[in-house]
Amino acid sequence: MLDLIWLLPTFPLLGFLILVLSSGQLSKKVVALVGAGSIGLSFLVAALIAVEFLNSGAEFYSMTAWTWMSVGQFTPGFTFYLDGLSLVMMLIITGVGFLIHLYSTGFMIDDPSYSRFFSYMNLFVASMLMLVLADNLVLLYLGWEGVGLCSYLLIGFWYDNPANGAAARKAFVVTRVGDTSMALGLFLLFAQLGTLNIQDLMGAAEANWTSGSGVAVAAALLLLGGAVGKSAQLPLQTWLPDAMAGPTPISALIHAATMVTAGVYLIARTHILFELAPTVQLLVAWIGLATLLMAGFTAMTQHDIKRILAYSTISQIGYMFLGLGVGAWSASVFHLMTHAFFKALLFLGAGTVILSLHHEHDIFKMGGKRKQLPVAFYSFLIGSLALAAFPFTSGFFSKDEILLGALALEGPGTWLWLGGVVGAFFTGIYSFRLVFVVFFGESQAHHDDKEVAGWNMAGPLFILMVLSLLGGFIHIPVESVFNHGEAHEEHHVSGLIHGIMIAVPLLGILVAYLFYGGRQLSADKLMANPLAAALHKFWFSHWGMDALYNTLFVRPFVYLAKLNRLDIIDQCYGLVVTLSRAGHGLLAKLQNGMLGWYAASLIFGLVLLMTLGVLL
Amino acid sequence: MSPIPFEHGLIVAGILFCLGIVGVLTRRNIVFVLMSLEVMLNACGLAFIVGAARWGNADGQVMFLMILTLAAAEVAVGLGLIIQIYRRFHTVDINVLSQMKG
């Protein structure tokens, strides 16, 4: 059974090939069957493999499908490596992926490019599975670039609007910065340790490098660069909010549940390397904290329903980075899983809202949609509860573990914990601000729109609701992956700490209620204060990051490009063209069609040769 | 009668050849160009004959016979072409017939 693991990426890849080669000739029913069915089959295989793997009790299983290339000692293969970590990832990708595909069959039904949509989606799932199942960093990088490409294609899916194309390019270019850093990291690792097989690499790194040695720090930093690019963390997080230009199921699948967590996966996968570079590991925690706070502030000010969710995604991935940074590896992976559940639920719920209200994105133009959009309302309620870490929902357990992990760290741990708790407060505010504004209060517009929710859209929402509520009780089998470094003694923390961690999100929800639910406090009055208004503007622009990058990178680049409009280097090659053109003109003049002229040149040549022959 | 000196024969051949060249280069009527070419060929033939007589070797005479045949064939083809050209372009001026330029 386990040797069927190669089928996992193969099914979506086949689906992709069928959809691409049929070039839109298939009926929508067949497309839906191929598109969602291939992922369903993958999920079935994944579930069977998971059961068998867990029953076998083995630590890992690896299978080589074939050798990709063989250059001397360097023989990366299509080798799939299954352990607790990749098992969790593969189940999330196929499981949540299947639900989102199913939802998309309803969501995209009116789109003329139905088949194209599913072909990209299938290619994405195939690449993502390749990424998490790869046993060497080269194959991982293949998947890594594959998901980046699909992300680009799907953000710009509605390409006839130039803004979407710009968003897609931005996402591609910004993540490219990270990818370049990651590629350099791979080169460095290979040059130093002579292998890119992840397990061998980790063993060799442990054996050859001392903790905190320069080369370990450099390698970890370069890999971290790749991770922050893909996972939209400071300083490369600016692409994710714009990525919301894509269809909403894409935001759920790629920009919330799976692809953006690839950075977390990468760090978790190479955690031994990060343990060898404690400074970089601590940097991961600080990056996570800074990102989660910045994104939390920004999320409170947005009024586009998808941008709020986008910033909350950035913020939640910040939590995962925080967990990774303090060495709470399994807590981070756990949060990755619960986040996949409740953020997919929120995005799909948002998709239902947007579709039902004819592509309305502004939450202040909704209001009172509780009765009108019941399925979306419960999706948002449950999703937001889990997001805000309401006790005993899935998000509560995972966030708790991360924060406790932070507290257990000596030194800066307390500060990281405190920052995380403040972030949880903001999470409560922005998630329930959304719920109160959209679903409670007076209806602002779209009074008569009916909820669009067929079985294929409502079904996945219900399943995700259950998972978001109860996902916290799932036990993820990652001990054997991380037992190596993780401290196992129970952290004894006082009841006060637990009390604070339960109370803070509730406090956030209360604040959101006071402002947007009961209207005891008014946001408008707060905005009357110039300082508050200025802060609001600052946070609304995501701390001016976009403007900063525009001034620092985009404008100088565009300026240089304009200077070099005629391409200075190209002018050298232009010279060659000019010279040969002139030569051609000269020689063409000789060919004048005059017979006498030809004869004369013949004789001239003959005389010349004879003269030379006589003289020499 | 003393035999004609070897040099005289060669000089006559050279003069004939140069005359032919001048004809080819200066004549505009294609028929005259062809005739000048014949003169050049015969100049060559004369040089061969003189050479053969000087060294008493039959090879030169064989060569002359070959040139003669060659010239006959060339004239046959050339005149045929000239007639075609005249039919098509109504001129035999080679400077007008310069369509193959460039």
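The values are calculated or read from the model by the stated rules, or taken from the named source; none is laboratory data. Keep in mind that what you see is a predicted model, and the values were worked out from it rather than measured. Because the Cβ atoms are built from the backbone with ideal geometry, glycine has one as well, and the counts that use them run over all protein chains shown. To get the accessible areas, we keep the full protein, side chains included, count just its heavy atoms, and leave off ligands, DNA and RNA. Shrake-Rupley method; radii C 1.70, N 1.55, O 1.52, S 1.80 Å.
Out of the range A:581-597, which residues are open to solvent by less than 70 Å² (accessible area, probe 1.4 Å) and on the phi < 0 side of the Ramachandran plot?
A:Ala582, A:Gly583, A:Gly585, A:Ala588, A:Asn592, A:Met594, A:Gly596
Any idea how many residues of the range A:42-78 are open to solvent by less than 80 Å² (accessible area, probe 1.4 Å) and part of a loop (DSSP other than H, G, I, E, B)?
The total comes to 6.
Being farther than 23 Å from A:Val478 by Cα, open to solvent by 30 Å² or more (accessible area, probe 1.4 Å) and of a type outside the set (Asp, Glu) is true for just one of A:Ala218, A:Ala252, A:Ala243. Which residue is that?
A:Ala218
Out of the range A:590-606, which residues are over 14 Å from B:Ser98 (Cα atoms) and polar (S, T, N, Q)?
Hit for the range A:590-606 is A:Ser601, nothing else.
Confirm whether A:Leu123 is in contact with a helix residue (DSSP H, G or I) (Cβ under 6 Å, 6 or more places away or on another chain), outside the structural domain of A:Gly349 (by TED's automatic domain parsing), buried (at least 24 other Cβ atoms within 10 Å of the Cβ) and closer than 24 Å to A:Lys29 by Cα.
No; evaluated as a whole, the condition is false for this residue.
Let me confirm something: among A:Leu560, A:Leu606, which residue is within 14 Å of chain B (Cβ to nearest Cβ), open to solvent by 80 Å² or more (accessible area, probe 1.4 Å) and of a type outside the set (Asp, Glu)?
A:Leu606
Of all residues in the range A:563-580 being among the aliphatic types (A, V, I, L, M) and open to solvent by less than 100 Å² (accessible area, probe 1.4 Å), which is nearest to the other protein chains (Cβ to nearest Cβ)?
Residue satisfying both the conditions and the ranking: A:Val577.
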